[in-house]
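Quick note: the coordinates plus some simple rules give every number you see, no bench work behind them. Given the structure is predicted, the values throughout are model-derived calculations rather than measurements. Positions of Cβ are generated from backbone atoms using ideal geometry, with glycine treated the same way; all protein chains shown enter the neighbour counts.
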Amino acid sequence: MSIKENLLAIKETIPDTVTLVAVSKTKPMSFIQEAYDEGQRVFGENRVQEMTEKWENLPKDIEWHMIGHLQRNKVKYMAEYVSLIHGVDSPRLLAEINKQAEKHNRTISCLLQVHIAEEDTKFGFNEEELLELVANEEFKAYKNVKIVGLMGMATFTDNADQIRKEFSGLKSLYTKFSNNYTDFTTLSMGMSGDYKIAIEEGSNMVRIGSSIFGSRN
Ligand SMILES: *Cc1c(COP(=O)(O)O)cnc(C)c1O
């Protein structure tokens, strides 16, 4: 199947209320252009340098999402254009995003990454740390970052019950926070292998790569 066919097939399985982030990491710009020509405007990357190169060379109405683990010293290279950072997993990273966004007179939207998987290789806050962060006075003073929701990755497993349980836990946390933070609009969960479960459990943003662009090495 072509990228166009894959994209259309995926979109048929996603309600209009769910935003599709087409994850184009490692893939050439021609692939992105092909999806763009079908109307796709939101793309996800996990390396700042690669994303910046693509941003420089592709149409300017693309929304670039940083979905990967992010090092603080890389924030400055994308502060000018990034539209959503999914993987904010430390207060120090948030401080750096605020600082770099300020230099460009922007407010950068961010999602706080929550650790929901069993593996300890996946980054993110736990509930207690989240509560601590949002209650922090320094955090509240940040003018150039806006926390618009949460992001999580489920355990890499065939056990659908476990995946469902992890997503449902994140959704509960999201609901709890959205009652107090009116900026909360976005719950990013679900990838090629588990996005259908994620949507059933309340995701409104899915990050899909290989099912659109083919498998990666
Ligand atoms: C690579 C990646 C995806 C997309 O994974 P696929 O299985 O190819 O759909 C989604 N989210 C994150 C954080 C990723 O790094």
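For ALA9 and ASN136, what is the calculated FRET efficiency with R₀ set at 41 Å and r taken between the beta-carbons, to the nearest 0.05? Kindly include the intermediate steps, with their values, before the conclusion.
Details: r = 44 Å, r/R0 = 1.07.
FRET efficiency, ALA9 to ASN136: 0.40.
If I model a spin label at LYS99 and LYS165 as a point 7 Å from the Cα along the Cα→Cβ vector, what separation in nanometres do I get?
Between LYS99 and LYS165, the label points sit 4.1 nm apart.
Report the extension gain between ASN126 and ASN179 in nm, rounded to one decimal, defined as 0.36 nm multiplied by the number of residues separating them, less their alpha carbon distance. Spell out each step's value before the answer.
Numbers: separation 53, 0.36 × 53 = 19.08 nm, distance 1.84 nm.
Separation in residues times 0.36 nm, less the Cα-Cα distance, equals 17.2 nm.
What percentages, rounded to whole numbers, describe P(r) for the chain computed over all alpha carbon pairs with 10 Å bin width beginning at zero?
The distribution over the chain is 8, 35, 37, 18, 2, 0, given as percents.
Can you list residues from other chains, or at least 5 along the same chain, whose modelled amide H is less than 5 Å from the amide H of PHE125?
GLN113, VAL114, HIS115
For region 27-41, what does the Karplus curve 6.51 cos²θ - 1.76 cosθ + 1.60, with θ = phi - 60°, yield as ³J(HN,Hα) per residue in whole Hz, taken in order and with x for Gly and Pro?
Once rounded to whole Hz, the list reads 9, x, 4, 4, 5, 5, 4, 5, 5, 4, 5, 8, x, 6, 10.
Explain nothing, just compute: Karplus ³J(HN,Hα) = 6.51 cos²θ - 1.76 cosθ + 1.60, θ = phi - 60°, for every residue of region 150-161 in order, whole Hz, x for Gly and Pro.
Using θ = phi - 60°, the values come out as 10, 9, x, 10, 6, 4, 7, 7, 7, 7, 4, 5 Hz.
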